[in-house]
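Undergrad: Before I ask anything, let me first share the structure, which is written out below as structure tokens.
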Amino acid sequence: MREDPRVIEPPSRVPAAAWGLAWACLVGQLLLLGERGAQSSDAVPLSMLLGAILVAWVSHGVLTGRTVRLVLVSVLFAVTAIFDLVALMDAGIAGVSGWPFVGLAASLVQLAALVAFTRTEYFAWQRSRPRVPGPPLGSLIAVAVVVGILGGVTGSASDAPTQISVNL
């Protein structure tokens, strides 16, 4: 009987790049919360719950190499970096010492962490759709849940104490 090529030995642990991605997203969300503040709405608990569920689901898909969720996160990170770059350019010299620079730096770190994660052997193994379970992802998903909860608390751009406008 021929052996199934998808049944290969799983990695012993999740790579450090996955943890780097998780912490980059957490720091990015904390920075966004610091910039915008918390939203003042009765819907915060529901927003926190939905944010936690959605971010955990998307994160699990990224960590297990699922194409649609990976593309979604890649596009989200790229668009965020572009908007942060535009905000920095709009702020001019003053933006280099303020939130626009911090936001752009955080976005670029998130993009770099995602690229680093997708270049690991673990990611390649996950993309091969293995039939054997890999290392547990519970701790990484817990970080994702915290990111989602913080996203549910974070106010919108219109709630921010400072407004950024782009005049093109």
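Undergrad: Hey, what angle do you get for helix 67-91 against the long axis of the chain, alpha-carbon based, 0 to 90 degrees rounded to 10?
TA: Relative to the chain, helix 67-91 is tipped by roughly 20 degrees.
Undergrad: Now, a different point. Just name one of THR154, LEU88, LEU54: the one whose Cα is farthest towards the positive end of the charge dipole of the chain (beta-carbon charges, Lys/Arg +1, Asp/Glu -1).
TA: Comparing the listed Cα positions along the dipole, LEU54 ranks first.
Undergrad: Please report the Cα spread of the range 10-134 along all three principal axes, rounded to whole Å, starting with the longest.
TA: Principal extents (Cα only, largest first): 51, 37, 22 Å.
Undergrad: Kindly rank 105-118, 122-135 from highest to lowest mean number of other beta carbons found within 10 Å of each residue. Write out the running numbers ahead of the final one.
TA: Values: 105-118: 18.7, 122-135: 14.4.
The densest-packed peptide leads the list: 105-118, 122-135.
Undergrad: I would also like to ask the following. Please compute the contact order of the range 52-119 in relative form: average sequence separation of alpha-carbon pairs under 8 Å and at least six residues apart, divided by the residue count, as a percent. It would help to have the intermediate numbers written out before the result.
TA: Working: 36 pairs, mean separation 17.9, N = 68.
It rounds to 26 percent for the range 52-119.
Undergrad: Continuing with the same structure: Given only helices, namely DSSP H runs of n ≥ 4 each adding -39500 (n - 2.57), what is the per-residue ellipticity at 222 nm of the chain, to the nearest 500 deg cm²/dmol? It would help to have the intermediate numbers written out before the result.
TA: Working: 6 runs with 109 residues, N = 168.
-22000 deg cm²/dmol, from helical runs alone.
Undergrad: In whole percent, what relative contact order does the chain give with Cα contacts below 8 Å and a gap of six or more residues?
TA: Relative contact order of the chain: 51 percent.
Undergrad: While we're on this one: Name the long-range amide H neighbours of ALA38: under 5 Å, sequence gap of 5 or more, or other chain; modelled H, no Pro or chain starts.
TA: HN-HN under 5 Å from ALA38: GLY155.
Undergrad: Treating the beta-carbon of each Lys and Arg as +1 and of each Asp and Glu as -1, no other charges, what is the dipole magnitude of the chain about its Cα centre, to the nearest 20 debye?
TA: Numbers: 10 positive and 9 negative charges, 134 e Å.
Around 640 debye, computed over the chain.
Undergrad: I need the calculated FRET efficiency for the pair SER156 and THR64, taking r as the beta carbon distance and R₀ as 45 Å, to the nearest 0.05. It would help to have the intermediate numbers written out before the result.
TA: Details: r = 31 Å, r/R0 = 0.69.
Efficiency for this residue pair is about 0.90.
No lab work stands behind these numbers, since they all come straight from the coordinates. None of these values were measured; they are calculated from a predicted model. For neighbour counting, all protein chains shown are included, and Cβ atoms are generated from backbone atoms with ideal geometry for every residue, glycine included.
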